[in-house]
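Single-structure report; data block below.
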Ligand SMILES: Nc1ncnc2c1ncn2[C@@H]1O[C@H](COP(=O)(O)OP(=O)(O)OP(=O)(O)O)[C@@H](O)[C@H]1O
Ligand SMILES: [Mg+2]
């Protein structure tokens, strides 16, 4: 497989006119890949995902999806074209139930809701069992599952995940990585930002290191894990 599904080309973007957070981010993703994005706090990782998803204005550069220009399209337009996004925080509606949250994910395709719900609770059985529980009473890990499940309701081709393992216990973190890999194996291209850099690169096909708004390094997960510069600057000394 060598089909480019998503291409971000030298993106310049930011929240306030004249203050660029992204200073030329480039990423090329092949169909079916699992991509890990790592980098220090404040590097612009979340901003990068938001720029891909139309939530931060891109002032220069382009984003293409399967060859079509999608730069600065609105999030709802991107969802319709097969892009899903799970934000880093505030990613469920706490006052709604699990089922209602998942229904919200497919509000643009109401006919699909039942079929998609049944398919997705096979990946997340606990969500099916507890479908009528309000999300306010769920643990962090369970909320993360709901957020991912909601994004999957529209059957995305490309799924953007912002720190899915954040704030979870080590066991729950590992479940999240394995589940992400499992979702990827069903054919969904996954672009995942992670603080847990080492674990992320272990499961990723390829990775990008973002630093000060630019893609500083890229390579296969294994190449980055063993690159002395990447180890020194971004992974600490433990895995040398
Ligand atoms: N809504 C916003 N308005 C203005 N500036 C913002 C906003 N969100 C983030 N920034 C700034 O953009 C820069 C990059 O932030 P971003 O959240 O993309 O970093 P990050 O790499 O995701 O960091 P972390 O690892 O902590 O999640 C930071 O300097 C941050 O202060
Ligand atoms: Mg972030």
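Suppose we keep only residues that are closer than 18 Å to residue 220 by Cα and surrounded by fewer than 19 Cβ atoms within 10 Å (Cβ to Cβ) within the range 185-202. Which one would you say is farthest from ligand 1 (Cβ to nearest atom)?
In the first step, residues of the range 185-202 are kept if they are closer than 18 Å to residue 220 by Cα; the result is 185, 189-202.
Within this subset, residues satisfying the condition of being surrounded by fewer than 19 Cβ atoms within 10 Å (Cβ to Cβ) are 185, 195, 198-199, 202.
Numbers: 185: 26, 195: 6, 198: 15, 199: 15, 202: 19 Å.
The selected residue is 185.
So, residue 234, is that one touching a residue at least 60 places away in the same chain (Cβ under 8 Å) and closer than 25 Å to residue 61 by Cβ or not? Talk me through it step by step, then tell me what you get.
Working: touching a residue at least 60 places away in the same chain (Cβ under 8 Å): yes; closer than 25 Å to residue 61 by Cβ: yes.
In short, yes.
Tell me which strands (runs of 3 or more DSSP E) are completely within the range 1-104 and hold 1 or more residues being away from ligand 1 (no atom under 16 Å from the Cβ) and farther than 25 Å from residue 214 by Cβ, or say none if there are none.
Values: elements: 4-13, 22-30, 34-38, 58-65, 83-86.
Counting at least 1 such residues, we get 83-86.
Which members of the range 29-52 meet the condition of being within 13 Å of ligand 2 (Cβ to nearest atom) and within 17 Å of residue 183 (Cα to Cα)? It would help to see each step written out before you state the result.
Our first condition is that a residue be within 13 Å of ligand 2 (Cβ to nearest atom); within the range 29-52, this holds for 37-51.
Within the range 29-52, none qualify.
Going by the conditions given, is residue 156 within 14 Å of the chain's Cα centre (by Cα), within 16 Å of ligand 2 (Cβ to nearest atom) and either at pLDDT 95 or above or more than 13 Å from residue 38 (Cβ to Cβ) (or both)? Spell out how you get there, then give the answer.
Working: within 14 Å of the chain's Cα centre (by Cα): yes; within 16 Å of ligand 2 (Cβ to nearest atom): no; either at pLDDT 95 or above or more than 13 Å from residue 38 (Cβ to Cβ) (or both): yes.
Answer is no for this residue.
Considering 182, 136, which residue is within 19 Å of residue 83 (Cα to Cα) and loosely packed, with under 15 Cβ neighbours inside 10 Å? If you could, list the steps in order and put the result at the bottom.
On the way: 136 fails: within 19 Å of residue 83 (Cα to Cα).
Result: 182 is the single residue among 182, 136 that is within 19 Å of residue 83 (Cα to Cα) and loosely packed, with under 15 Cβ neighbours inside 10 Å.
Please find, within the range 126-143, the residue that is farthest from ligand 2 (Cβ to nearest atom) out of those that are touching a strand residue (DSSP E or B) at 6+ places or on another chain (Cβ under 8 Å) and not in a loop (DSSP other than H, G, I, E, B). It would help to see each step written out before you state the result.
Step one: of the range 126-143, the residues touching a strand residue (DSSP E or B) at 6+ places or on another chain (Cβ under 8 Å) are 131-135.
Then drop every residue that is not not in a loop (DSSP other than H, G, I, E, B), which leaves 134-135.
Numbers: 134: 27, 135: 21 Å.
Residue satisfying both the conditions and the ranking: 134.
The values are calculated or read from the model by the stated rules, or taken from the named source; none is laboratory data. Note that the structure is predicted; figures quoted are calculated from it, not measured. Cβ sites come from the backbone with ideal geometry, for glycine too, and all protein chains shown count toward neighbours.
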